[in-house]
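Bear in mind that the values in this text are calculations on the coordinates, not laboratory data. The shown structure was predicted, so the numbers you read here are calculated from the model rather than taken from an experiment. Every residue, glycine as well, gets a Cβ built from its backbone with ideal geometry; the counts of neighbours run over all protein chains shown.
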Amino acid sequence: MIRYDLTEFEPPAPVADVEVSNPITHAAEKGKAKIDTGADVSVIPEAWLARLRLLPAGVLEVSSFDGRVVETPAYYVNVSVNSFRFELVKMISSQRTNALLGRDLLNSLNVTLDGKTLTIRVSDP
Amino acid sequence: MKDAKDIALKFLARKMDWTLTSDVARASGVTRVTIVQYLRELLGQGLVERRRIGRAAMWRIKRGGPAQNSTVLNIASSEVMRQLHAERGAYLRMKARLLADPRYDEKFVAILNAEVIDADSDERELVRRVYANHGYVVVYVEKVRGESRILEVPSPERKR
């Protein structure tokens, strides 16, 4: 059971611990990721791209909350979510300090959000 | 000829893995004898590493060395993005032909040097093979289908 993040998000948001790594060199970054069931694709902070020396392997068209569509490079990475591992996941980056976990990853896990107690459970069914 | 040495260094930086001398020579456009001379110079400068497997020599960029951190090898460089968009342009030009070909329709394809180098219905298997066979390079991977898909990342966030 993990507590929602009360410090970075207002209102508090469910977060998980993630480790994202380069699939070849295995250079890794650890951080928090907000659980985002509205996102079709997961997102990593742009600052991690250079530190992980990631090379793009595609372009995705992505629509934001106001309907604007942008084309953005995509990267294959290995991801660990609360120690559940996923290989070669296609992710995008944006200028943010934490990652976003979208349904591309969440649909492989059992995630229970309890807004009353501000806690989250993550398990692998 | 100095260009070939730079090309070899950039090639190894992008591959980020042990690479045969003959592959470095091919990528640099010079003979094996010439590239060995350049690679030995780079070895002496501490920019690359060498290991031997039997009679074969393999090379890679030195981990944590000056070349790995230099701006010329900055992965966010415009050169990397130019390569990505060149491969994407190649895909868009051949898309109609791929759609009509049952070997590729509804499959993931990998485009490198403006050619389809591999295809698979399993995206991860395809990417795994591409990186195993071609090293860690800029490649364009896309599912061949008629209409492009727009993904949503809609969540607005309040600044604290």
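Could you run through the range B:96-141 and say how many residues are in contact with a Phe, Trp or Tyr (Cβ under 7 Å, 6 or more places away or on another chain), in a helix (DSSP H, G or I) and under 18 Å from A:Y76 (Cα atoms)?
Result for the range B:96-141: 3.
Please pick out the residue among B:A8, B:A13, B:A27 that is in a helix (DSSP H, G or I), within 14 Å of chain A (Cβ to nearest Cβ) and closer than 24 Å to A:R53 by Cα.
B:A13
For the range A:74-96, enumerate the residues that are at the interface with chain B (Cβ under 9 Å from one of its Cβ atoms) and not in a loop (DSSP other than H, G, I, E, B).
Of the range A:74-96, the ones at the interface with chain B (Cβ under 9 Å from one of its Cβ atoms) are A:74, A:76, A:87-90, A:92, A:94, A:96.
Matches in the range A:74-96: A:A74, A:Y76, A:E87, A:L88, A:V89, A:K90, A:I92, A:S94.
I'm told A:A47 meets every condition in (1) facing chain B (nearest Cβ under 10 Å); (2) in a helix (DSSP H, G or I) except one. Can you identify the failing condition by its number?
(1)
Suppose we filter A:T37, A:T25, A:T7 for residues that are assigned to a loop (DSSP other than H, G, I, E, B) and at the interface with chain B (Cβ under 8 Å from one of its Cβ atoms); which single one remains?
Only one candidate qualifies: A:T25.
Identify, by number, the condition in (1) surrounded by fewer than 18 Cβ atoms within 10 Å (Cβ to Cβ); (2) under 29 Å from A:T97 (Cα atoms) that B:N133 doesn't meet.
That leaves (2) as the condition not met.
Consider A:E71 carefully, then state whether it is surrounded by fewer than 17 Cβ atoms within 10 Å (Cβ to Cβ), free of Cβ contacts under 8 Å to residues at least 60 places away in the same chain and either assigned to a strand (DSSP E or B) or of a type in the set (D, E, K, R) (or both).
Judged against the criteria, A:E71 is a match.
Please determine whether any residue of the range B:86-103 is without any contact (Cβ under 8 Å) to a residue 40 or more places away in the chain and either within 9 Å of chain A (Cβ to nearest Cβ) or touching a helix residue (DSSP H, G or I) at 6+ places or on another chain (Cβ under 8 Å) (or both).
No: zero hits.
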